[in-house]
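Written out below as structure tokens is the structure these notes cover.
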Amino acid sequence: MPSSETDALLPSRRRPNGPSWGATLSVGIIGLVSVASGARFGWKAYDNYRWKQLLGTWEERTSAQHTERTRCNSCAVVIPSDRLAGKGMGSAIDAHDCVVRFNTHDPADAPAEDWGSKDDIRVVNAYQVEALGPETGSCIDPQNPTCRRVIITWETPSVEGFMGDHANAELLPQMGAEYFPGAKDVHETLREFANQNGLGVPMFGSSAYCAVSIIRHPDICGERLTLFGIPSSMAVETTGYIDPHGPPSAAHCYETEHEFFRKTSWCR
């Protein structure tokens, strides 16, 4: 049993007439948590404000490009597809006023007799922006781009730098709002088509599907838009997708998209 002398030597757990050290520590921790939570909330609010400002700026960029200067009289949309190999479609593709290509598919990377040589509009999946580099061709050169338009599918943190470096780059959702104000969601349109025709229902449409849904506007591609690389019927459907950055997404139903294109567009 400790003596009263020993007890007097033990460190006190409570300040005289004051809160315990444990209580003081708890209050301090709560204060720190509150400060951290407030900082996170403040940063999130600032980040949301900053993105809203950026999106507004990018929307103004699309509005500024809604002119005759960027309008094409006709467009050939070259789907990244193995269906074009050996078909000699190059001259038919280049016969269009503008040629639309995707991601890193520069025309110099494939035989011109099959894929054509023109490169006027480039559509880039937001997740492939970082794969774009000098080897992608002059179309998306930040200083002297040869493409009339460079379209990014949607906004992600990785596209902010690209949009800043490329004065002619646009976001597809902002283009949709500019050219089709108040229109139905393009993904819902595809799902309804799938249900009406007994086809696979996708979670959402691919970059190609979304892009074609917007650039079909006559102020972008005139009165004629031709898709190259889509199988002629479901009887000869193939995966038809070649991209070095990964396999097709399971969230898409390419057969459904191809059938939609066949029934609503001129496919070759």
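So, for region 59-151, what is the accessible surface per residue at a probe of 1.4 Å, expressed in square angstrom? Walk me through the intermediate numbers first.
Details: 4050 Å² over 93 residues.
Heavy-atom SASA per residue in region 59-151 reads 44 Å².
Under the rule a/c < 1.5 gives rounded, and otherwise a/b versus b/c splits prolate from oblate, where does region 66-128 land using the Cα gyration tensor?
oblate
With +1 assigned to the C-beta of every Lys and Arg and -1 to the C-beta of every Asp and Glu, and no other charges, what is the dipole magnitude of region 110-168 about the Cα centre in debye, to the nearest 20? Write down the numbers at each step before the final one.
On the way: 4 positive and 10 negative charges, 42 e Å.
It comes to approximately 200 debye.
For residue 195 and residue 156, FRET efficiency with R0 = 30 Å and r from the beta-carbon atoms, rounded to 0.05?
Efficiency at R0 = 30 Å is approximately 0.50.
If you plug each phi of region 162-177 into the Karplus form 6.51 cos²θ - 1.76 cosθ + 1.60 with θ = phi - 60°, what whole-Hz ³J(HN,Hα) values come out, in order, with x for Gly and Pro?
The phi angles translate into 5, 5, x, 7, 10, 5, 9, 7, 10, 9, 4, x, 5, 5, x, 5 Hz.
Using 0.36 nm times the number of residues separating residue 184 and residue 113, minus their current alpha carbon distance, what extension gain do you get?
Here the segment from residue 184 to residue 113 would lengthen by 21.7 nm.
Could you check the simple spin-label distance between residue 91 and residue 131, using points 7 Å along Cα→Cβ, in nm with one decimal?
It is 3.3 nm.
Among rounded, prolate and oblate, which fits region 86-228 when a ≥ b ≥ c are the square roots of the eigenvalues of its C-alpha gyration tensor, a/c under 1.5 means rounded, and a/b larger than b/c means prolate?
Oblate, since a/c reaches 1.5 and b/c is not below a/b.
Mind ordering 97-107, 65-75, 167-177 by average Cβ neighbours within 10 Å, highest first? Intermediate values should be presented prior to the final figure.
Details: 97-107: 22.2, 65-75: 14.7, 167-177: 19.6.
Result, highest mean Cβ count within 10 Å first: 97-107, 167-177, 65-75.
Calculate one ³J(HN,Hα) per residue across region 179-190 by plugging θ = phi - 60° into the Karplus curve 6.51 cos²θ - 1.76 cosθ + 1.60, and present them in order as whole Hz with x for glycine and proline.
With coefficients 6.51, -1.76 and 1.60, one gets 8, 10, x, x, 6, 5, 4, 5, 5, 5, 4, 5 Hz.
The values are calculated or read from the model by the stated rules, or taken from the named source; none is laboratory data. Here the structure is a predicted model, which means the values were calculated and not measured. Glycine gets a Cβ as well: all are built from the backbone with ideal geometry, and neighbour counts include every protein chain shown. Protein only, heavy atoms only, side chains kept; ligands, DNA and RNA dropped before computing areas. Shrake-Rupley method; radii C 1.70, N 1.55, O 1.52, S 1.80 Å.
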